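Novice: Quick one: this structure, given as structure tokens, is what I'll be asking you about.
The values are calculated or read from the model by the stated rules, or taken from the named source; none is laboratory data. Values in this document were obtained by computation on a predicted structure and should not be read as measured data. Here the Cβ positions follow ideal geometry from the backbone for every residue, glycine too, while neighbour counts run over all protein chains shown. Note: areas computed on protein heavy atoms with side chains; ligands, DNA, RNA excluded. Shrake-Rupley method; radii C 1.70, N 1.55, O 1.52, S 1.80 Å.
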Amino acid sequence: MMLTIDTHDFLTAAPKSLRTECAGLSPAEFHDRYCGHTGPVKLGDWSRAGHRHGSEYTATLEFTGHLRTVVSAGSPVAALTSVLYEEGYPVEILQFHQRRTESGTASFVQCEFNGRRGWGAALADDGAESAARAMIAGINKLGG
């Protein structure tokens with residue numbers, strides 16, 4: 001489930017390099033730049049079954065013209081990265097930061113895609129969902 005972002009709480013959780021990069025942005029500008037939900041890849045349905053250390057994640061990704069369901073019994077980040085490669089989005093994760101905040105789990109992912117680098121960010125109840133949403137925000141920011 002996506003959460004309402006408390007921008008101060010969210011930015012405090014960000015790595016120093018991202019805080020420096022986004023200095024001076026309004027909360028709306030930060031959200032538009034790093035948490036954007038527009039682009040060629042969208043995360044639709046997300047579910048987790050099981051307990052924290054034995055969970056299975058199911059995600060529905062929407063690509064231009066088709067949907068793809070991903071099921072992961074291990075790392076949802078690794079599974080998502082593999083599917084993105086298969087779909088023509090060879091993304092590399094350069095930095096990954098995740099912190100629990102009062103509002104939820106904040107994830108910050110610096111991606112490289114097609115020779116460009118940029119951050120994606122997300123906040124969700126579940127750390128795995130937050131990471132997946134941050135990855136997709138990063139890809140979409142880089143023009144996926």
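Novice: What single numbered condition from (1) of a type in the set (Lys, Arg); (2) assigned to a helix (DSSP H, G or I); (3) in contact with a helix residue (DSSP H, G or I) (Cβ under 9 Å, 6 or more places away or on another chain) fails to hold for residue 99?
Specialist: (2)
Novice: Same structure again: Filter segment 61-115 for residues that are more than 14 Å from the chain's Cα centre (by Cα) and among the acidic types (Asp, Glu) and give the result.
Specialist: 62, 86, 87, 102
Novice: When residues of segment 57-88 are filtered for being buried (at least 18 other Cβ atoms within 10 Å of the Cβ) and on the phi > 0 side of the Ramachandran plot, how many remain?
Specialist: 0
Novice: Can you name the condition, by its number, that residue 118 falls short on among (1) open to solvent by 10 Å² or more (accessible area, probe 1.4 Å); (2) more than 8 Å from the chain's Cα centre (by Cα)?
Specialist: So residue 118 meets the others, but not (1).
Novice: Is there any pair with a first residue in segment 37-48 that is within 15 Å of residue 64 (Cβ to Cβ) and a second that is at pLDDT 85 or above and open to solvent by 100 Å² or more (accessible area, probe 1.4 Å) whose Cβ atoms are under 9 Å apart and which are 6 or more apart or on different chains, and what are they?
Specialist: Here the result reads 40/64; 41/64; 44/67, each pair linking segment 37-48 to a residue that is at pLDDT 85 or above and open to solvent by 100 Å² or more (accessible area, probe 1.4 Å).
Novice: Given the residues 123, 67, 43, which is the only one that is over 26 Å from residue 13 (Cβ atoms), touching a Leu at 6+ places or on another chain (Cβ under 9 Å) and of a type in the set (A, V, I, L, M)?
Specialist: 67 is the lone residue from the list that is over 26 Å from residue 13 (Cβ atoms), touching a Leu at 6+ places or on another chain (Cβ under 9 Å) and of a type in the set (A, V, I, L, M).
Novice: Could you run through segment 121-135 and say how many residues are open to solvent by 10 Å² or more (accessible area, probe 1.4 Å) and not in a loop (DSSP other than H, G, I, E, B)?
Specialist: Keep residues of segment 121-135 that are open to solvent by 10 Å² or more (accessible area, probe 1.4 Å), which gives 125-128, 133.
Next, only the ones that are not in a loop (DSSP other than H, G, I, E, B) stay: 127-128, 133.
Adding up the residues that qualify gives 3.
Novice: Need pairs with beta-carbon distance below 6 Å; first residue in contact (Cβ under 8 Å) with a residue 40 or more places away in the chain and within segment 90-114, second outside any strand (DSSP E or B) and open to solvent by 60 Å² or more (accessible area, probe 1.4 Å); sequence gap 6+ or separate chains.
Specialist: 103/6; 104/125
Novice: Also, I was wondering about something else. Suppose we keep only residues that are in contact with a Leu (Cβ under 9 Å, 6 or more places away or on another chain) and at pLDDT 85 or above within segment 1-24. Which one would you say is nearest to residue 84 (Cα to Cα)?
Specialist: Looking at residues that are in contact with a Leu (Cβ under 9 Å, 6 or more places away or on another chain) and at pLDDT 85 or above, I get 18.
Novice: So, one more: Scan segment 89-111 for residues that are of a type outside the set (Lys, Arg), open to solvent by 50 Å² or more (accessible area, probe 1.4 Å) and modelled with pLDDT of 90 or more and jot them down.
Specialist: As a first pass, look at segment 89-111 and keep what is of a type outside the set (Lys, Arg): 89-98, 101-111.
Remaining after also requiring open to solvent by 50 Å² or more (accessible area, probe 1.4 Å): 90, 92-98, 102.
Within segment 89-111, 90, 92, 93, 94, 95, 96, 97, 98 qualify.
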